[in-house]
Amino acid sequence: MWVSPAKERPSTRAGSSTRTSLPESSSDQFFWTYTEEPHRSRRQAIIKAHPEVTKLCGPEPLTKYLVLAVVFLQITCAYLLRNTSVLSWKFLVTAYVIGATANQNLFLAIHEISHNLAFRSPMANRLLAIFANLPIGLPYSAAFRPYHLTHHKSLGVAGLDTDLPTALEAFFFDSLLGKTFFCTFQIFFYAVRPMFIYSPPFTRIHWLNLIGQFAFNYALVKFCGGSLQPLYYLLCSSFLAGSLHPCAGHFIAEHYFFSNVKTGGTEPIKEKALESRPNSDIKSRERIPKSESKNPLDSLDPPETYSYYGLLNLVTYNVGLHNEHHDFPAIPWTRLPVLHQIAREFYEPLPCHRSWVWVIWTFILDKDVSMWCRVKRAEGGRLVGGGSKGSGRGGEAITATAVQDDEGNGWKESEIQAL
């Protein structure tokens, strides 16, 4: 059930514990729904139709070697730029073309590792994530994991899914200049926003991430003769990776609602294929009765996640296959294309993006898409990584049940592995 913000919203669901309803606000323009997030339903349908997809789950050995190569690449670039001015064209071009692409790759390596998809050992995955974090310049891998896994378990749930913009953000940046500012500095929004929503427990992994990162930064500066340029290069690379960079388009492309864009651009693969066929083929296809072209998605909830199947997936761990990833988080990046081919009847009818550059361009310039274009839920979901009820901050958290009564410790490691 989809409702507009001005309509009445139920505060409880049958069989659930009492929950605080959202405050009514005519200024709230998010897309509110009371349906279950679609990925669980589609996952069950795909497994029923293609039980062999479960064999695709498990670690990908290639990941650790790619992480090692990219970390070495970034350290090498940082060292070679030790005597180069930050404002020189050589420094800036290298930071944008190589550095930002490499650090975006490392961001997404950490994303992959957060699902335990590099090693079978959870601790080995934690340590690899800390290692992948080194060229990023600031410690974040340990903090990212519980927030990201909660995003999977609580997709769209206000107060739990920290990928969602707050109403305050959407209101203040609802303009051409506002959206440009958001896209330019979105890395800061994704870094700071979670701290105002809720705080997961601080663990020994967080300490290791923190100490290891600053020890690396100090050693790098000392090794380069006391020059701060290498550290500036890494930090600049991280900023540009989450700014107006082609690969940064995935942040917006994954879950923002683009269906209102009147110029198109998010057509399903099947529709794109029809556009490239001769008119005679299209006309003959149009004459097929609807009863004969049954879609396996007809009985499932509408999509709120968008995939992208372009070339930039080659440097971003196939994060563009985002519907596939949310449906099966335990399938590593190398096997997501195989999942897509096996279950293509489930994925080809879904809207998908043609270009991440187009996504950024359209998000900024098109008045029909903005930070309000997100699907939100007032109920459901679970906090991953422990925590206590009422631990949320920033206003929205009071509207969601952060931890269910019988699951106060968040997800267990076995649940995370079974995703």
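The values are calculated or read from the model by the stated rules, or taken from the named source; none is laboratory data. A quick note: this is a predicted structure, and the numbers were derived from the prediction, not measured. So basically every Cβ, Gly included, is an ideal-geometry build from the backbone, and we count neighbours across all protein chains shown.
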Which residues, taken from the stretch 62-90, are part of a helix (DSSP H, G or I), over 29 Å from the mean Cα position of the chain (by Cα), hydrophobic (A, V, I, L, M, F, W, C) and surrounded by 13 or more Cβ atoms within 10 Å (Cβ to Cβ)? L80
Matching residues in the stretch 336-376 - criterion: being farther than 22 Å from C57 by Cα and part of a helix (DSSP H, G or I): W356, V357, W358, V359, I360, W361, T362, F363, I364, L365
Is it the case that some residue within the stretch 193-204 is free of Cβ contacts under 8 Å to residues at least 60 places away in the same chain, charged (D, E, K, R) and crowded, with 17+ Cβ neighbours inside 10 Å? yes
Could you tell me which residue of the stretch 152-169 is surrounded by the fewest Cβ atoms within 10 Å (Cβ to Cβ), considering only residues that are among the hydrophobic types (A, V, I, L, M, F, W, C) and in contact with a Gly (Cβ under 9 Å, 6 or more places away or on another chain)? L168
Does the stretch 239-256 contain at least one residue that is under 20 Å from T362 (Cβ atoms) and polar (S, T, N, Q)? yes
Would you point out the residue of the stretch 298-317, among those that are more than 23 Å from S41 (Cβ to Cβ) and either part of a loop (DSSP other than H, G, I, E, B) or among the basic types (K, R) (or both), that is modelled with the lowest pLDDT? G310
Among residues belonging to the stretch 33-68 that are among the charged types (D, E, K, R) and touching a residue at least 12 places away in the same chain (Cβ under 8 Å), point out the one that is farthest from I113 (Cα to Cα). E36
Residue that is farthest from P246 (Cα to Cα) [pool: residues in the stretch 105-142 that are in a helix (DSSP H, G or I) and among the polar types (S, T, N, Q)]: N125
Output for Cβ contacts, cut-off 7 Å, separation at least six or different chains, first residue without any contact (Cβ under 8 Å) to a residue 60 or more places away in the chain in the stretch 206-222, second surrounded by fewer than 18 Cβ atoms within 10 Å (Cβ to Cβ) and not in a helix (DSSP H, G or I), reads V221/L228
Y190 is checked against (1) crowded, with 21+ Cβ neighbours inside 10 Å; (2) at pLDDT below 95; (3) of a type in the set (S, T, Y) and fails just one. What number does that condition carry? (1)
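Filtering the stretch 240-266 down to residues that are among the small types (G, A, S) and not in a helix (DSSP H, G or I), which residue is surrounded by the fewest Cβ atoms within 10 Å (Cβ to Cβ)?
Narrowing the stretch 240-266 to residues among the small types (G, A, S): 241-243, 248-249, 253, 259, 264-265.
From the residues that got through so far, the ones that are not in a helix (DSSP H, G or I) too are 242-243, 259, 264-265.
Working: G242: 23, S243: 17, S259: 14, G264: 11, G265: 18.
Selected residue: G264.
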Restrict the check to the stretch 167-183 and report whether at least one residue is of a type in the set (A, V, I, L, M, F, W, C), part of a loop (DSSP other than H, G, I, E, B), under 23 Å from L108 (Cα atoms) and touching a residue at least 40 places away in the same chain (Cβ under 8 Å). no
